[in-house]
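These notes are about the structure you will find just below.
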């Protein structure tokens, strides 16, 4: 068994090269701003979740932010699900 065989598939991910990182992150942010209707319906989330995962979980937004030399960390502003969750019977 090789070392690659022992690594969980969740830990294997492609890291964008620096020369592509800024353009791809900018395009992804533009796509989310212009195309995402911000609904939390299954179809909408399924289509956008891959972009959000790369930006936030795989840290591409953070890497691009540092690459541009911005201070501190990027701030993510979002709405809350609290009003929607309060309407659901639990």
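The values are calculated or read from the model by the stated rules, or taken from the named source; none is laboratory data. The shown structure was predicted, so the numbers you read here are calculated from the model rather than taken from an experiment. Neighbour counts are summed over all protein chains in view; Cβ atoms, including those assigned to glycine, are modelled from backbone coordinates with ideal geometry.
Residues checked against (1) at pLDDT below 90; (2) closer than 28 Å to residue 88 by Cα:
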site: 4; (1), (2): yes, no
site: 7; (1), (2): yes, no
site: 16; (1), (2): yes, no
site: 32; (1), (2): yes, yes
site: 37; (1), (2): yes, yes
site: 65; (1), (2): no, no
site: 68; (1), (2): no, no
Conditions first: (1) over 19 Å from residue 80 (Cα atoms); (2) touching a residue at least 24 places away in the same chain (Cβ under 8 Å). Residue 40 passes all but one, so which condition is the exception? (1)
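Consider the range 25-37. How many of its residues are touching a helix residue (DSSP H, G or I) at 6+ places or on another chain (Cβ under 9 Å) and within 22 Å of residue 81 (Cα to Cα)?
The initial filter retains those residues of the range 25-37 that are touching a helix residue (DSSP H, G or I) at 6+ places or on another chain (Cβ under 9 Å), namely 25-26, 28-29, 31-32, 35-37.
Next, from what is left, pick out any that are within 22 Å of residue 81 (Cα to Cα): 29, 32, 35-37.
Residues meeting the conditions: 5.
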Enumeration of residues in the range 21-63 that are at positive phi and surrounded by 13 or more Cβ atoms within 10 Å (Cβ to Cβ): 59
Hey, any hits in the range 81-88 for a residue that's in contact (Cβ under 8 Å) with a residue 12 or more places away in the chain and surrounded by 11 or more Cβ atoms within 10 Å (Cβ to Cβ)? no
